[in-house]
Every structure is written in C-alpha cells, then in structure tokens.
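What follows is a set of notes on a single structure, which appears directly below.
The values are calculated or read from the model by the stated rules, or taken from the named source; none is laboratory data. Just so it is clear, the model here is predicted, and its values are computed rather than measured. In this analysis, Cβ positions are derived from the backbone assuming ideal geometry, glycine residues included, and neighbour counts consider all displayed protein chains.
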Amino acid sequence: MDSEKRVAKAVEQAQGILARYVEPGPRDCEDTVSELMVVLDDEGVVEAVEETKMERPTPEQLAELKRLSKLARTEDWSEVVKSKEEAETRIRDLQEKVKIE
C-alpha cells in the first residue's frame, strides 16, 4: 500500500473511533485514546506520514543524478531517490566520485 493510501486509511479509522465516541451513551476516554494510539502510532503510518511530507526531487535534480551516475559509472540514483534532500546528498556524493576518477 502506498503512503497516501496508508495515511488515508488511518485517518478514516481514527474518524470512526471518534464518531463512536461522540455518539450518545457511555464513553470511555482511556479506551478511545488507546484505540487512536493503535491506529495513529503504528510504525507504518508514522513512516507514511513522513514520506508524504517530503518534498519530491525536482526534474533538474533527477537529470543531474542521471548524468552524474553515467559519469561515475555507477547505479542510476535518479531511479531510487525519494526526496529533494536525498537527491542533493547523492548529487554531492557523485560529484566527489567523478572528481576522484
């Protein structure tokens, strides 16, 4: 399941928990918070939220990664980077590698 779908599913589950809490009748705050923690504090959900917050690499960064990967005769990093920050780090690493060779 991709990150956006995982986050959407968690939000829907949390909304369901809150909807049950606001219905008329007896309520248990501790149980509600515990249920919410199970849904929202899940490691997969936390990672998915972080992934959705990351800025994607720019087309320019991806092109530079592709170019430098060829020059450095290494794996094409443009296919695997997930964020602008990671792209910048890979670009710097590849620039250093190209200088050495």
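Worth a mention:
- Pair list, Cβ under 8 Å, 6 or more apart: segment 20-35 residue modelled with pLDDT under 95, other residue exposed (fewer than 11 other Cβ atoms within 10 Å of the Cβ) and part of a helix (DSSP H, G or I): none
- Elements of type helices (runs of 4 or more DSSP H) in segment 15-101, at least 2 residues being surrounded by fewer than 12 Cβ atoms within 10 Å (Cβ to Cβ) and over 26 Å from the mean Cα position of the chain (by Cα): 29-40, 84-100
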